[in-house]
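Accompanying notes for the structure given below.
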Amino acid sequence: MTTAVGTLYPEHSAIRDGRLSIGGCDAAELAQRYGTPLYAVAEDDLRARAREFTAAMPGEVVFASKAFPCTAVLRVFHEEGLSVDVASGGELALAQRAGFDGPRIILHGNAKSEAELRAATRAGARIVVDNFDELDKLERIEAPCEVMIRVTPGVVADTHAAILTGHAGSKFGFSLADAPRAIERLRASGWADLRGLHMHIGSQLFDLAPWRAAVEAIAGLGDFEAYDLGGGLAVAYTPDRRPPSVAEYVESMVATADEVLGPGRALSIEPGRALTATAGVTLYTVESVKDVPLKDGDIRFVAVDGGMSDNLRPMLYDAPYEADLIDRVGKAGTPCTVVGKHCESGDVLIRETTLPDPKPGEVLVTPVTGAYVYAMANNYNGVPRPPVVFCSGGRAREVVRRETFEDLYGRDV
Ligand code: LLP
């Protein structure tokens, strides 16, 4: 039986008699074999999402690697023919290790160092120029390269303020007023092959209208061969809010570009979250269950062996998640607050969910943790970061090992 919550699990997962398996691997066995916390990824979901995008998109699909900057994930998307967006020298190194090179790599960032720019030009990457100081650096380097200009279209989309990027006053890109000077300088340079304009208006966007407003805003800057419309398509973290499908989103982007910019442009989109989020789940072990009496009803805290070290999104963006016990998925329960093991009260993974009588030692799963979760993991409280395990066709393969205590002091000098 698939429950509403069941719809949040990877396409390549199953819930039989309430027991969860990911990519044919029993979740209880995964927890037993690799320990918890554990990031389990349905590898075939990564491929399926990549194919969904490439089938729908007549232009280029660029994986925003910040969503899941792990060599094995990058390798899958390299094999699937995607390009890659990197936002630092480190992400560039990961992308190269996964096999990407040349203009299939796109370098982003509002504070690129000269070293990062040199590394990118050596790799033959495309560079999305963000500001005049970066232009100065590129003029010093003078290496031939393909460039795009990032423009801030000045539109506001409906998402958390921390992940809104295309509004007037954003730290990213050239304002509509400054962009013409950047275009002029790049056109006059002997080294830059100016392909076109780039915009990225924000992340976790359900509404397609702001993209149209943004494309209309940048259309006045001239006629270019290429346009990169950025990423941003939302995913469902809870069963109550569904985003547009990949096909609906791509169709709308292409139609908008055709109408507003004219047909025949080389179009790129840069999905991150929509490629990886639903492929991943996190497994935790319940360490304690505490009922705290309050005047207006008890709170039941279900404390797990991870928390803000392995998933910062609830703390940074009030991001909602759901949880289940891996052998009673979708079963009705009582209200619980899922908290982590870290030394602060803000370490709340899920403010309110229902769980069917959780007990210490049981394994709890949070679905939709394949994007910006591994990416933002940290060692707060000396907690080693979890491993990443790919699951496909009933076979599990560890692609990133768990950190050890030795890793925690491994950089001491
Ligand atoms: N392109 C550019 C230039 C970006 O800055 C981003 C995301 C993307 C593409 C991909 O956007 P997506 O399709 O994933 O929405 N840590 C936050 C998300 C930050 C997104 C930053 N930029 C979170 O956990 O929600």
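Output yes when any residue across the stretch 118-133 is out of contact with any helix residue (DSSP H, G or I) (no Cβ under 8 Å at 6 or more places or on another chain), under 30 Å from Asp318 (Cβ atoms) and not acidic (Asp, Glu), and no when none is.
Within the stretch 118-133, one or more residues are out of contact with any helix residue (DSSP H, G or I) (no Cβ under 8 Å at 6 or more places or on another chain), under 30 Å from Asp318 (Cβ atoms) and not acidic (Asp, Glu).
Would you check if Ala219 is touching a helix residue (DSSP H, G or I) at 6+ places or on another chain (Cβ under 9 Å), farther than 22 Å from Arg104 by Cβ and surrounded by fewer than 20 Cβ atoms within 10 Å (Cβ to Cβ)?
So Ala219 passes the test.
For the stretch 361-370, check the following and say yes or no: at least one residue is within 16 Å of the ligand (Cβ to nearest atom), out of contact with any His (no Cβ under 6 Å at 6 or more places or on another chain), part of a strand (DSSP E or B) and at pLDDT 95 or above.
Checked against the condition, which is being within 16 Å of the ligand (Cβ to nearest atom), out of contact with any His (no Cβ under 6 Å at 6 or more places or on another chain), part of a strand (DSSP E or B) and at pLDDT 95 or above, the stretch 361-370 yields at least one hit.
Show me the strands (runs of 3 or more DSSP E) entirely contained within the stretch 210-295 in which 3 or more residues are modelled with pLDDT of 95 or more and more than 16 Å from the ligand (Cβ to nearest atom).
Hits in the stretch 210-295: 280-292.
Condition first: assigned by TED's automatic domain parsing to the domain that holds Gly202, closer than 30 Å to Ala87 by Cα and without any contact (Cβ under 8 Å) to a residue 40 or more places away in the chain. Can you find one or more residues in the stretch 266-284 that meet it?
No, there is no match, as no residue in the stretch 266-284 is assigned by TED's automatic domain parsing to the domain that holds Gly202, closer than 30 Å to Ala87 by Cα and without any contact (Cβ under 8 Å) to a residue 40 or more places away in the chain.
On the given criteria, is Phe77 more than 23 Å from Gly173 (Cα to Cα), within 12 Å of the ligand (Cβ to nearest atom) and under 15 Å from the mean Cα position of the chain (by Cα)?
Taking the combined requirement at face value, the residue does not satisfy it.
Please go through the stretch 109-129 and pick out each residue that is open to solvent by 10 Å² or more (accessible area, probe 1.4 Å) and free of Cβ contacts under 8 Å to residues at least 60 places away in the same chain.
Gly109, Ala111, Ser113, Glu114, Ala115, Glu116, Arg118, Ala119, Thr121, Arg122, Ala123, Gly124
If Leu233 passes every condition in (1) surrounded by fewer than 22 Cβ atoms within 10 Å (Cβ to Cβ); (2) in contact with a helix residue (DSSP H, G or I) (Cβ under 7 Å, 6 or more places away or on another chain); (3) among the hydrophobic types (A, V, I, L, M, F, W, C) but one, which one does it miss?
(1)
When the residues of the stretch 142-175 are filtered to those that are at pLDDT 90 or above and open to solvent by 30 Å² or more (accessible area, probe 1.4 Å), which remaining residue is farthest from the ligand (Cβ to nearest atom)?
Once the filter is applied, the top-ranked residue is Glu142.
The values are calculated or read from the model by the stated rules, or taken from the named source; none is laboratory data. Computed from a predicted structure; not experimentally measured. All Cβ positions, even for glycine, are placed from backbone atoms using ideal geometry, and neighbour counts span all protein chains on display. For the accessible areas, the whole protein counts, side chains as well, though only heavy atoms, and no ligand, DNA or RNA atoms are used. Shrake-Rupley method; radii C 1.70, N 1.55, O 1.52, S 1.80 Å.
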